[in-house]
Amino acid sequence: MSGKRKRKLKLLSDAITDNRRTVAEVKSENLEMQSWADLPAELLESILSRLILADNIRASAVCRRWHSVASDVRVVNQSPWLMYFPKFGDCYEFYDPVQRKTHTFELPELNGSRVCYTKDGWLLLYRPRTHRVFFFNPFTRELIKLPRFEMTYQIVAFSCAPTSPGCVLFTVKHVSPTVVAISTCYPGATEWTTVNYQNRLPFVSSIWNKLVFCNGLFYCLSLTGWLGVFDPVECTWSVLAVPPPKCPENFFAKNWWKGKFMTEHEGDILVIYTCCSENPIIFKLDQTLMKWEEMTTLDGVTLFASFLSSHSRTDLIGIMRNSVYFSKVRFYGKRCISFSLDDYRYYPRKQCHDWGEQDPFENIWIEPPKDFSACM
């Protein structure tokens, strides 16, 4: 092959190599210029849908496209609704604190009854005239009857929805300062079981006591702040040697025993003490040191407090987090009284409330169904 032809082939080979390098460099530059905002829509949705609410909100600040996708796949928990029991008639109002709207249902099934407790969207009710106890779901209209039981001044709670296996009802009343009578029942039972238990510490039952089911146990906060614990599996009862939460002296004024609320959150027992002239104080039971600790933040959790049962929620809309929502609505049904631990104040401003003036059976927080439209 002549030298001239060899030179031409070499020049052609060099040109092909240079072209390949150029193409590779352009591709590399394009890849470097691409941002996270250019992720394929399917991949972006898959990633953002797996984030918890707080991370989803942070991701939505990256760019407009991410904000749009994050909003579409964002899952926000539903808050409880405040259910009102009328003095007359069968019209029951349900207040949604997120939408600030009120829904009205006709529920003649509840005529002549008073509410005892709520959990998992179910009501537990009692008819004083007939001693009839029953479960009722106001959204599905399901009704489950229980054996008759005479209730006087004690309160009652249940562990889970009556349609779930393992549902247990529990109530306690004192026979003497050192003896309590504990009664239990379950859906399908023909009668209640009552057993007397000795107390190591004095325990007085009252309609103002608080009940909550947590970690398989029933916790009962007495009128004077002592905590009783009942194990429905082992059938054991004890009053914990934990001194009551310490509050300022001005909390123990008129009707001081009525301004207490109790709930649970992820295994922790929380108690809210209120005073009409002071900001509320929240305590958590340290189950290792066995003492009450005052909380200065709820770490984004929202509490919904009512006399007979209270609830906790995470992942609600931002304005509702780290707050306590009470069972009182102001401004013609437009806003719940709430207390923000971030701002350390009541909303609306100067809306402290004397809970001693409120009927404990007037209202209660209840969990609505996820698809409320299907119940209408």
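Report yes if LEU308 is buried (at least 17 other Cβ atoms within 10 Å of the Cβ), closer than 25 Å to LYS258 by Cβ and at pLDDT 95 or above, otherwise no.
When the stated conditions are applied, LEU308 does not pass them.
Given the structure, is VAL233 at pLDDT 90 or above and open to solvent by 30 Å² or more (accessible area, probe 1.4 Å)? Steps first, please.
Details: at pLDDT 90 or above: yes; open to solvent by 30 Å² or more (accessible area, probe 1.4 Å): yes.
Yes; evaluated as a whole, the condition is true for this residue.
Can you say whether PHE135 is under 30 Å from CYS336 (Cα atoms), buried (at least 19 other Cβ atoms within 10 Å of the Cβ) and among the aromatic types (Phe, Trp, Tyr), as far as the supplied structure shows? Break it down into steps so the answer makes sense when it comes.
Details: under 30 Å from CYS336 (Cα atoms): yes; buried (at least 19 other Cβ atoms within 10 Å of the Cβ): yes; among the aromatic types (Phe, Trp, Tyr): yes.
For PHE135, the condition - under 30 Å from CYS336 (Cα atoms), buried (at least 19 other Cβ atoms within 10 Å of the Cβ) and among the aromatic types (Phe, Trp, Tyr) - is met.
Inside region 278-302, can you point out the residues that are aliphatic (A, V, I, L, M) and open to solvent by less than 50 Å² (accessible area, probe 1.4 Å)? Break it down into steps so the answer makes sense when it comes.
Let us first name the residues in region 278-302 that are aliphatic (A, V, I, L, M), namely 281-282, 285, 289-290, 295, 298, 301.
If the condition is that a residue be aliphatic (A, V, I, L, M) and open to solvent by less than 50 Å² (accessible area, probe 1.4 Å), then ILE281, ILE282, LEU285, MET295, LEU298, VAL301 are the ones that fit.
Please go through region 219-252 and give me each residue that is assigned to a loop (DSSP other than H, G, I, E, B), of a type in the set (Phe, Trp, Tyr) and in contact (Cβ under 8 Å) with a residue 24 or more places away in the chain, ordered by number.
Matches in region 219-252: TRP226 only.
Please verify whether region 291-308 includes one or more residues that are of a type in the set (Lys, Arg), outside the structural domain of ALA157 (by the TED database) and under 18 Å from the mean Cα position of the chain (by Cα).
Filtering region 291-308 for residues of a type in the set (Lys, Arg) gives 291.
Remaining after also requiring outside the structural domain of ALA157 (by the TED database): 291.
The next check asks that each one be under 18 Å from the mean Cα position of the chain (by Cα); those that pass are none.
No.
Mind listing whichever residues of region 151-171 are closer than 14 Å to TYR219 by Cα and either loosely packed, with under 15 Cβ neighbours inside 10 Å or in contact (Cβ under 8 Å) with a residue 60 or more places away in the chain (or both)?
ILE155, ALA157, SER159, VAL168, PHE170
Matching residues to (1) in a strand (DSSP E or B); (2) hydroxyl-bearing (Ser, Thr, Tyr):
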{"position": "PHE135", "(1), (2)": "yes, no"}
{"position": "LYS145", "(1), (2)": "yes, no"}
{"position": "PHE149", "(1), (2)": "no, no"}
{"position": "THR152", "(1), (2)": "no, yes"}
{"position": "CYS160", "(1), (2)": "no, no"}
{"position": "THR163", "(1), (2)": "no, yes"}
{"position": "GLY166", "(1), (2)": "no, no"}
{"position": "THR184", "(1), (2)": "yes, yes"}
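Would you mind finding the one in ASP359, ASP315, ASP343 that is outside any helix (DSSP H, G or I), at pLDDT 85 or above and surrounded by fewer than 20 Cβ atoms within 10 Å (Cβ to Cβ)? Give the derivation first.
Working: ASP359 fails: at pLDDT 85 or above; ASP315 fails: at pLDDT 85 or above.
Exactly one residue qualifies, and that residue is ASP343.
Condition check: surrounded by fewer than 18 Cβ atoms within 10 Å (Cβ to Cβ), at negative phi and in a loop (DSSP other than H, G, I, E, B). Does ARG129 satisfy that?
Yes; evaluated as a whole, the condition is true for this residue.
Determine whether region 183-199 contains at least one residue that is within 22 Å of GLU362 (Cα to Cα) and either modelled with pLDDT of 95 or more or not charged (D, E, K, R) (or both).
Checked region 183-199: no residue is within 22 Å of GLU362 (Cα to Cα) and either modelled with pLDDT of 95 or more or not charged (D, E, K, R) (or both).
Restricting the search to region 104-136, which residues are of a type outside the set (S, T, N, Q), touching a residue at least 24 places away in the same chain (Cβ under 8 Å) and over 15 Å from ARG148 (Cα atoms)?
The answer is PHE105, LEU107, GLU109, LEU110, VAL115, TYR117, LYS119, ASP120, GLY121, TRP122, LEU123, PHE136.
Report whether or not LEU201 is in the same structural domain as VAL133 (by the TED database), in contact (Cβ under 8 Å) with a residue 40 or more places away in the chain, part of a loop (DSSP other than H, G, I, E, B) and under 20 Å from LYS291 (Cα atoms).
Yes; evaluated as a whole, the condition is true for this residue.
Looking only at region 202-221, decide whether some residue is over 20 Å from LEU270 (Cβ atoms), open to solvent by less than 60 Å² (accessible area, probe 1.4 Å) and at pLDDT 95 or above.
Checked region 202-221: no residue is over 20 Å from LEU270 (Cβ atoms), open to solvent by less than 60 Å² (accessible area, probe 1.4 Å) and at pLDDT 95 or above.
Out of the residues in region 70-86 that are outside any loop (DSSP other than H, G, I, E, B) and modelled with pLDDT of 80 or more, state the one that is surrounded by the fewest Cβ atoms within 10 Å (Cβ to Cβ).
Top of the filtered list is TYR84.
Would you be able to tell me the number of residues in region 253-277 that are surrounded by 15 or more Cβ atoms within 10 Å (Cβ to Cβ) and either modelled with pLDDT of 85 or more or not in a loop (DSSP other than H, G, I, E, B) (or both)?
17
Which residue out of LYS370, LYS350 is more than 24 Å from ILE269 (Cβ to Cβ), at pLDDT below 85 and within 17 Å of the chain's Cα centre (by Cα)?
None of the others qualify; the one that does is LYS370.
The values are calculated or read from the model by the stated rules, or taken from the named source; none is laboratory data. Remember, it's a predicted structure, so these values are computed and weren't measured experimentally. Glycine gets a Cβ as well: all are built from the backbone with ideal geometry, and neighbour counts include every protein chain shown. The protein model used for the area step is the full one, side chains on, heavy atoms only, and it has no ligands, DNA or RNA in it. Shrake-Rupley method; radii C 1.70, N 1.55, O 1.52, S 1.80 Å.
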